[in-house]
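What follows is a single structure, written as structure tokens, with notes after it.
The values are calculated or read from the model by the stated rules, or taken from the named source; none is laboratory data. Note that the structure is a prediction, hence the values are computed from the model and not measured. Here the Cβ positions follow ideal geometry from the backbone for every residue, glycine too, while neighbour counts run over all protein chains shown. To get the accessible areas, we keep the full protein, side chains included, count just its heavy atoms, and leave off ligands, DNA and RNA. Shrake-Rupley method; radii C 1.70, N 1.55, O 1.52, S 1.80 Å.
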Amino acid sequence: AVVAATVFDAGLVIGVRCMRGGLGVLLGGLPPQSGDGRTLRIGFDDDPVRDQNWIPTIDPTAAVTEFPAPLARRLRLGGTMNIVVPDAAEGGRNLRYVLDLPPSATAIETVLTSCGKPLVDPRDAQIDASGAPALPAGMNWTRRPRPTYPHEAKFDNVASGYAVMSCNTQLDGSLTACEAESEHPLGSGFGRVALASLGRARVGWIEDRAAPIGVR
């Protein structure tokens, strides 16, 4: 594993890691929460905070982001990072952290390079604009991806996992330029089999199936 990490006085830890060829960004020291997911509102400098989906780890005070590469590329620039944890303060109020990030070009660059991730990627803006992972509003699967369960020898005891994918649509509803943004466990093969299943998948509009999809 190759890891870049920083610790803050508020007790928060941010780590960017490349392990088994998979990239991850972890945030530790949060108010504990379990379950399949949690929402954190994150923004940088003067930008407004926006909802992001994070996945809790075995440690309920830590979570990993579903889109580590765009976040890692932003973290390496440094600046002010605003984190809002909904309903986590006394009386059900939101808990806010304001973190002064040190620029980390060399350390995070090393992690990104170790995982074969570019230092600049125009897809970051597209992913940020699309919001939470989901099909666009008014769209559904006309042919669902049907990945097989991965069988990696070193993960035979893993009962479940996930992969988060991003793709561009084409006019006929097929998908192109698909990438595995994250997977858990890292190196388990969930991203690989999900990627392979997207070649035959199709999306379309719910109301007007004949309407062109548009590239997004």
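Side notes on the structure shown:
- Residue satisfying all of: in segment 172-196; open to solvent by less than 20 Å² (accessible area, probe 1.4 Å) and polar (S, T, N, Q); modelled with the lowest pLDDT among these: S188
- When residues in segment 75-108 are screened for being of a type in the set (D, E, K, R), under 20 Å from V7 (Cα atoms) and surrounded by fewer than 17 Cβ atoms within 10 Å (Cβ to Cβ), 2 of them pass.
- Residue within segment 65-84 that is under 27 Å from E183 (Cβ atoms), of a type in the set (F, W, Y) and in a strand (DSSP E or B) present: no
- Selection count where residues are outside any helix (DSSP H, G or I) and free of Cβ contacts under 8 Å to residues at least 12 places away in the same chain, scope segment 151-176: 5
- Look at (1) polar (S, T, N, Q); (2) closer than 30 Å to V3 by Cβ; (3) without any contact (Cβ under 8 Å) to a residue 60 or more places away in the chain; (4) not in a strand (DSSP E or B) and you find that T148 fails only one, number (2).
- For segment 38-68, a residue qualifies if it is of a type outside the set (F, W, Y), open to solvent by less than 40 Å² (accessible area, probe 1.4 Å) and under 19 Å from G161 (Cα atoms), and the qualifying residues are R38, I55, P56, A62, A63, V64, T65, E66, P68.
- D128 more than 20 Å from the chain's Cα centre (by Cα) and open to solvent by 80 Å² or more (accessible area, probe 1.4 Å): no
- Tallying residues that are closer than 15 Å to P145 by Cα and out of contact with any Ser or Thr (no Cβ under 8 Å at 6 or more places or on another chain) within segment 178-195 yields 5.
- Given (1) open to solvent by less than 20 Å² (accessible area, probe 1.4 Å); (2) within 26 Å of C178 (Cα to Cα); (3) part of a loop (DSSP other than H, G, I, E, B), number of the condition L30 does not satisfy: (2)
- For segment 197-211, the candidate set comprises residues that are open to solvent by less than 40 Å² (accessible area, probe 1.4 Å) and outside any helix (DSSP H, G or I); within that set, the residue that is farthest from R20 (Cα to Cα) is A211.
- Checking G214 against (1) modelled with pLDDT of 90 or more; (2) more than 26 Å from A72 (Cβ to Cβ); (3) open to solvent by less than 30 Å² (accessible area, probe 1.4 Å), the condition it does not meet: (1)
- Per-region count, segment 73-124, residues closer than 22 Å to D46 by Cβ and of a type in the set (D, E, K, R): 6
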